[in-house]
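Each remark here refers to the structure printed beneath this line.
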Amino acid sequence: MSSFLTVLTVLAAILIVGFSIISSAIKVVREYQRLVVFRLGRSIGKKGPGLVFLIPIVDKPVWVDLREFFLEIPSQTCITKDNASINIDFLIYFKVFEPDQTVIQVTDFAGAARGIAMTTLRAVVGDISLDDVLAQREKINQVLRAKLDEVTERWGVKVTTVEIREILPPREVQEAMTRQMSAERTRRAVVTEAEGKRQATITVAEGDKQSAILRAEGERQAAILRAEGFSLALDRIFSVAKNIDSKTLTLQYLEALKVLGEGASTKFIFPLEFTKLLQPIADFVREAEGQK
């Protein structure tokens, strides 16, 4: 009985060892992963994605993640070109593009990249004045990314983005910036108010202008209508005057004298042309008598 148990124990141990060997020989590599395989201490390249078969005991795999990751660089005290002390913290985004180089060339590329980032930041800020650091954040990001990329490229790592999160200048500079921003807001408010008043004045002036134009246009039209009416009256008077003969004119003259005679005055002065005016009447009387 004891010998049977011994055999079962040995078989179980063999099965466990065999399963362990088989499981270590078969690896499932995901799309975002790669296996860097070392065979007897020598790199034989990267494997994956999919099923990867290894020689148990002989092959040793190292897993590498190809997804982009970031390093948070804590706040660093830097001295600018004009000897101003500022604190800067930023993020660095990396991505492995050569897994075998990443494993072979550097032990901890994340820690190494963090140290290089701090040193590079101080070097870049030291070549720039405080005003440029505050105003050219994007330019500093680009310079940092380019310098870091030069170093990390030999590790098979690509620096994709560098983002400065916060820049803290000295307290006196912050107070000056606050006063400047307040003055700028006041200036903009004054400019906006002045612009509003100017637009209102322009609008009122434009309205007065249009009103004056309309009044002038109305007066012009009224003057034209009056002139046209006066012209029509003259035309009618002239038309009637053309049809009045000398006899009618003489009778109207006598009628006017009759009206004058009804007045209180008893003395009349006749013009020399009065006899000429009576001549047509005398001619008319003679013609009438001759017809009888």
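The values are calculated or read from the model by the stated rules, or taken from the named source; none is laboratory data. Just so it is clear, the structure is predicted and the values come from calculations on it, not from any experiment. Note that we place each Cβ from the backbone using ideal geometry, even for glycine, and neighbour counts take in every protein chain shown.
Data overview
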| item | result |
| --- | --- |
| Some residue of segment 100-116 being touching a helix residue (DSSP H, G or I) at 6+ places or on another chain (Cβ under 6 Å) and farther than 27 Å from Lys47 by Cβ | yes |
| Enumeration of residues in segment 1-52 that are surrounded by fewer than 10 Cβ atoms within 10 Å (Cβ to Cβ) and basic (Lys, Arg) | Arg42 |
| Residues of segment 130-162 satisfying the condition of being outside any helix (DSSP H, G or I) and farther than 15 Å from Lys95 by Cα | Gln136 |
| Complete set of residues in segment 75-111 that are part of a loop (DSSP other than H, G, I, E, B), modelled with pLDDT of 90 or more and surrounded by 15 or more Cβ atoms within 10 Å (Cβ to Cβ) | Glu98 |
| Among the residues listed as Val28, Val17, Val36, Val10, the single one being without any contact (Cβ under 8 Å) to a residue 60 or more places away in the chain, assigned to a strand (DSSP E or B) and not small (Gly, Ala, Ser) | Val28 |
| Test result for Ser211, modelled with pLDDT under 80 and either assigned to a helix (DSSP H, G or I) or outside the structural domain of Ile79 (by TED's automatic domain parsing) (or both) | no |
